[in-house]
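The values are calculated or read from the model by the stated rules, or taken from the named source; none is laboratory data. Owing to the predicted nature of the structure, the values given are computational and were not obtained by experimental measurement. No Cβ is skipped: glycine too gets one built from the backbone with ideal geometry, and neighbour counts run over all protein chains shown. Protein only, heavy atoms only, side chains kept; ligands, DNA and RNA dropped before computing areas. Shrake-Rupley method; radii C 1.70, N 1.55, O 1.52, S 1.80 Å.
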Amino acid sequence: AEYGEANITPQTTMGEIRSNPSIAGSGLWTYAKEQKLQGAENLLNGQTLEKYVGSWVAQDCADGLNLLIENYNAGVQITHKIYSEQEIAEDSSRNDAEIYYYPASTPNAKYALILSGNVVTRTAEVKECVSTAYQLHQMGYAAFVMRYRIYPDNDQNAPLDDIAQAVQYITDHAQQFGVQTEDYALVGYSSGGQIAGIFGGKELGYPNYGVPKPGALLLAYPINNFYETKPLYHVLLDTDALERRYYDYNISDCVDADYPPTYFWYGQDDILLIAFNYWQQGPALRKALETYGVPYKESVYRHAPHGVGIGEGTDAEGWVQEATAFWEEQCA
């Protein structure tokens, strides 16, 4: 195998990142804004990493990519397909579901599974997940960046299947990964936060899959209620299905006394949450957690727009550390 240098900075272009032999060899999915269209991959290759992911995450993103290169160069297998060859043969869309492994620096560490947000055919693994994985690594955790199925393959609750499959895969390979199987954190951004929140509930979540319960949900600007887009999703994805799918549910409706401890944050100037009816978002989730006595911590920031990830340079800066402290408290 060819190896590349861990020399990525916020000013490195996306083209240079993608042509780094170790990034290419690792299998990390580095596309976000581009749909899977012919020629689209060259569209934004001239952009710097900072322009591509935003200044709030650029440095930690670069550090996270360099760490990934170092791991790969040291012989770590980064990409793990979570479905078997047979399962992929039965449904080829499962081939898109995979995890990218960031080992912990200590044995028998707790792990976090990190889900980016998504908008139709766009995801944000590099922007939201790689930077988060880097910060969690710095604090001694193992991290798995999750790539789950999105439009048009997210019908029939496919993203929930993917999370469950990832947790099962990590559980089955816990020794190889050097992680504890219990008390893992599920980290979710935006619509990834909605999926993580539904996974924490009994109706569609982890109990239906027979996988361990999350030790904590750590949610960044989660969408609690998709509001007007619910019928649209249903028509586009599950036209003839009568039963409700994951996007039809509000996280707050899935909360009961047994719901995992939850840390969540959002900004008062988050235009997306305001558009989806602000009070039906974070405040509704808080009310449900309070009603059922679920341990939670809510942080509301004056200035933290939607999509800022780890939020460097906004009021949300340091939220990953605060969320991790909450997670540790709950597992103590």
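Yes or no: region 131-151 includes at least one residue that is in contact with a strand residue (DSSP E or B) (Cβ under 6 Å, 6 or more places away or on another chain) and polar (S, T, N, Q).
Looking for residues that are in contact with a strand residue (DSSP E or B) (Cβ under 6 Å, 6 or more places away or on another chain) and polar (S, T, N, Q), one finds at least one in region 131-151, hence yes.
Can you tell me which residue within region 191-213, out of those that are under 18 Å from the mean Cα position of the chain (by Cα) and among the hydroxyl-bearing types (Ser, Thr, Tyr), is nearest to Tyr247 (Cα to Cα)?
Ser191
Within region 57-111, work out how many residues are under 21 Å from Gly140 (Cβ atoms), of a type in the set (D, E, K, R) and touching a strand residue (DSSP E or B) at 6+ places or on another chain (Cβ under 9 Å).
Number satisfying all stated conditions: 1.
Lys230 fails exactly one of the following numbered conditions: (1) over 20 Å from Gly293 (Cβ atoms); (2) within 18 Å of the chain's Cα centre (by Cα); (3) open to solvent by 10 Å² or more (accessible area, probe 1.4 Å); (4) of a type outside the set (Asp, Glu). What is the number of that condition?
Of (1) over 20 Å from Gly293 (Cβ atoms); (2) within 18 Å of the chain's Cα centre (by Cα); (3) open to solvent by 10 Å² or more (accessible area, probe 1.4 Å); (4) of a type outside the set (Asp, Glu), only one is false for Lys230: (2).
Quick test of your reading of the structure: Pro214 fulfils all but one of (1) part of a loop (DSSP other than H, G, I, E, B); (2) more than 23 Å from Arg94 (Cβ to Cβ). Name the failing condition by number.
The single condition Pro214 does not satisfy is (2).
Give me the pairs, please: first residue somewhere in region 199-213 and without any contact (Cβ under 8 Å) to a residue 40 or more places away in the chain, second residue anywhere and open to solvent by less than 10 Å² (accessible area, probe 1.4 Å) and part of a loop (DSSP other than H, G, I, E, B), beta-carbon distance under 7 Å, and either six or more positions apart or on two chains.
Filtered contacts from region 199-213: Phe199/Gly205.
Quick check, is Glu243 surrounded by fewer than 21 Cβ atoms within 10 Å (Cβ to Cβ) and either among the β-branched types (Val, Ile, Thr) or in a helix (DSSP H, G or I) (or both)?
Details: surrounded by fewer than 21 Cβ atoms within 10 Å (Cβ to Cβ): yes; either among the β-branched types (Val, Ile, Thr) or in a helix (DSSP H, G or I) (or both): no.
Judged against the criteria, Glu243 is not a match.
I need every pair where a residue in region 1-30 that is within 20 Å of Gln59 (Cβ to Cβ) has its Cβ under 6 Å from the Cβ of a residue that is among the acidic types (Asp, Glu), sequence separation at least 6 or different chains.
These pairs meet every condition: Ala6/Glu70; Pro10/Glu50.
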